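The values are calculated or read from the model by the stated rules, or taken from the named source; none is laboratory data. Quantities reported herein were computed from a predicted structural model and do not represent experimental measurements. All Cβ positions, even for glycine, are placed from backbone atoms using ideal geometry, and neighbour counts span all protein chains on display.
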Amino acid sequence: MMANMSATHNSDLSPAGWQGEENPYELVQTAYGDWIIPTLNGLHFGAINTEPPTANSSVAQHVIKKHFGNALHQQDRLFIVVGSDSGQLIRFVQSQAPLPRGSRWIFIEPAPIARALRDAPEIRPLLDDYVHLITPDQWPETAKLLLLDDYFRIGGVVFERSLAALDHTTQDYLELAGELDAELSRRRYVTVANLGKMPFIRAQLGNIPNFFANLVPLKGIFQGKKALILAGGPSLDDEIGWIKAHRDRLFLIAVSRISARLLATGIHPDFVVTVDPHPISLTVSRQMFEFEPRTILVAGNHAYPGIVNRWPHKMLHTDLLLPWDESPNQDNPEDTINAKDNVVSVGPTVTHTCVMLAAYLGFAEIAFAGLDLCHSPEGQTHAQGSSEATSGPLLDYTAVKVSTNLGGFAWTTPDYFAGIEAMENLAAYLAHKGVTLFNPSRHGAAIKDVPFRPLTEISWPQEAFNRQALDAQLSHTPDEIVRHIDLLRTATRTMSKNIGKIERLAQLAMESNRAFFNMVTPTRQVLHRRRMLAIDRLMRTRLPQAEQLVKAVAQHELIATDLPHDFFALDARQAENLAHRFYDAIQRAAKFLQALFPNLDYRLETRRLEQNTPLDPEEILARYIEGDEPERALWLKTNWQLPAEIIEKTEKTYTEKLSELIAADRER
């Protein structure tokens, strides 16, 4: 990962007051009694005009205390520090005993400096299971040992630079700090990206009324054929002309955010794919509703509901429809709502889901256009016509250096770097299934097992692509849809009741927890403890689906109560607070979910009425406003073949809603 760097000597640092001959990596005692490496900290601790705060006190410790204060002495933290200021930072940490509960410290030094410090008798005793001094090559092992990912999950990782590293007294510090900053940013993204499940579950619940068809009937229908995935990177602009010229020979799977670019070129994909649960997904993809009816939307089960509501043509969903595991229905298996073996969406980008989709459909060769996962030579991250390209080059980010397909290098961000690693894993997994990926992007990031190959060098079929097998699977009757809606209403109403039970149980658990630790009635402490255990068992055994859903919503807060170290060192007050936070998070998550179900039930009834075409459309449109889904008017106009003036009022409400989202997006 990080290279083992050799320290360099800065001969310009020669402050007054030294005792002994100067040596780049030798600890030397200053006139004030501090042992330091002059080339690193001479300017910080050895200046002749520096006076100790009191007699017989340490100038180095005084300077460090003034700079860091209490920043290095907090509970439940993993402190990662580039440099140790000649070991004085290690002394500073250990000077404040007892050390904060649950915390650990990693000081990283280039090998020659680390060696000098470890050999020093005044530093060696300060290193223990809590405070570590390592070299860059020891970082992976130490990070694993001290549970770096667990600290990320509780928001407990602190990255600091020593005074010497801040002032770049050796070039090694500058390089080491940059590499470690990029590594921590990448690791943090990978670790915490899936912890914030609340917006995903809210979107998944919001999509329940719209989803009917999944991809299971389509598995393997294009066995052995070739597909082209259109991603949003700047290299799409290099390929767009060729794609336009050969459109009829291609099966196109496009990410939704490039819809404006495709429409401007006259390209209508076979599939347009969206997975992002946030409103920005609609604002950057708002032109997608202009695609022709033959374009099919493939929506992740947690795609933004504003898109799914509005889509007027055929639609398929990935993954599970309901965000909980269903109890098996042995008597009527056809009543099962969650499809078994549906395509699984993967991240971190929508392009990764497109790859899984293409492989699921049976395509054996999958090529890309616009797969870069890094910045172009001009600093752009997205193709022309996107809001990102309009905003100009990205200038403020933690940079990670990657190789490109032409053998050069480019800069990327931690989320894109995670995307590169995920694509490598995906390519290796699919290679075992006989699926090959190609990337024609010259300046795109080099991805293992995804060789560079121009589109013109791939053997595409000469005849038009035949997708009749796909279209034949996408016809459903109103009666089938109504029956499906009725099953959904039964399932969601049952879940709503069970979540209410979870909420009440969490309240009882908090009361028992408070009574247990506060010894309200000492003779009943055992009963309070038993009551909490019984509540946990009841939620787990009698309400497993509801508990699963509630804990998924509360996941980020629940994980914050799972301390990496020193759990048994908690005092009674800390233990009570930790348990209260646990049950309080469950109760608040249950309340959050409870508030979503009335609107969900209302919209399910609206979908039922949509299948009754003799109904007055004004009644449906009024329900769209009441259900906060005015965007749905386009679906009604298209599927009921209504004149535009009938939906004009509702469309105006949608336009106003969209304008607000666009304005918020620009501010962001």
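With respect to (1) over 30 Å from residue 495 (Cβ atoms); (2) at pLDDT 95 or above; (3) not in a helix (DSSP H, G or I), the lone exception for residue 628 is condition (1).
In the set (1) on the phi > 0 side of the Ramachandran plot; (2) exposed (fewer than 12 other Cβ atoms within 10 Å of the Cβ), the condition left unmet by residue 463 is number (1). Put simply, of 459, 496, 475 the only residue that is farther than 25 Å from residue 214 by Cβ and out of contact with any Cys (no Cβ under 8 Å at 6 or more places or on another chain) is 459.
Tell me which residues, restricted to the stretch 643-652, are surrounded by fewer than 17 Cβ atoms within 10 Å (Cβ to Cβ), in a helix (DSSP H, G or I) and of a type outside the set (A, V, I, L, M, F, W, C).
645, 648, 649, 652
Filtering the stretch 475-508 to residues that are touching a Pro at 6+ places or on another chain (Cβ under 9 Å) and farther than 23 Å from residue 540 by Cβ leaves 485, 488. Any residue at all in the stretch 508-525 that's in contact (Cβ under 8 Å) with a residue 40 or more places away in the chain and within 32 Å of the chain's Cα centre (by Cα)? Yes, some residue in the stretch 508-525 is in contact (Cβ under 8 Å) with a residue 40 or more places away in the chain and within 32 Å of the chain's Cα centre (by Cα).
Of the strands (runs of 3 or more DSSP E) lying entirely inside the stretch 85-166, those containing at least 2 residues that are in contact with a Ser or Thr (Cβ under 7 Å, 6 or more places away or on another chain) and not β-branched (Val, Ile, Thr) span 131-134.
Within the stretch 253-265, identify whether any single residue is buried (at least 23 other Cβ atoms within 10 Å of the Cβ), assigned to a loop (DSSP other than H, G, I, E, B), of a type in the set (Val, Ile, Thr) and on the phi < 0 side of the Ramachandran plot, and answer yes or no.
In the first step, residues of the stretch 253-265 are kept if they are buried (at least 23 other Cβ atoms within 10 Å of the Cβ); the result is 253-259, 261-262.
Filter once more, keeping what is assigned to a loop (DSSP other than H, G, I, E, B): none.
No, that holds for no residue.
Do you know which residues across the stretch 606-625 are part of a helix (DSSP H, G or I) and either hydrophobic (A, V, I, L, M, F, W, C) or within 20 Å of residue 476 (Cα to Cα) (or both)? Break it down into steps so the answer makes sense when it comes.
Keep residues of the stretch 606-625 that are part of a helix (DSSP H, G or I), which gives 606-610, 617-625.
The answer is 606, 607, 608, 609, 610, 620, 621, 622, 625.
The residues of the stretch 466-477 that are part of a loop (DSSP other than H, G, I, E, B) and either among the small types (Gly, Ala, Ser) or touching a strand residue (DSSP E or B) at 6+ places or on another chain (Cβ under 9 Å) (or both), listed by number, are 472, 474, 475.
Screening residue 288 on (1) buried (at least 22 other Cβ atoms within 10 Å of the Cβ); (2) farther than 22 Å from residue 610 by Cα; (3) under 23 Å from the mean Cα position of the chain (by Cα); (4) of a type outside the set (Lys, Arg) shows it passes everything except condition (3).
From the set of residues in the stretch 344-364 that are among the aliphatic types (A, V, I, L, M), in a loop (DSSP other than H, G, I, E, B) and closer than 13 Å to residue 275 by Cα, which is modelled with the highest pLDDT? Applying the filter and picking the extreme gives 344.
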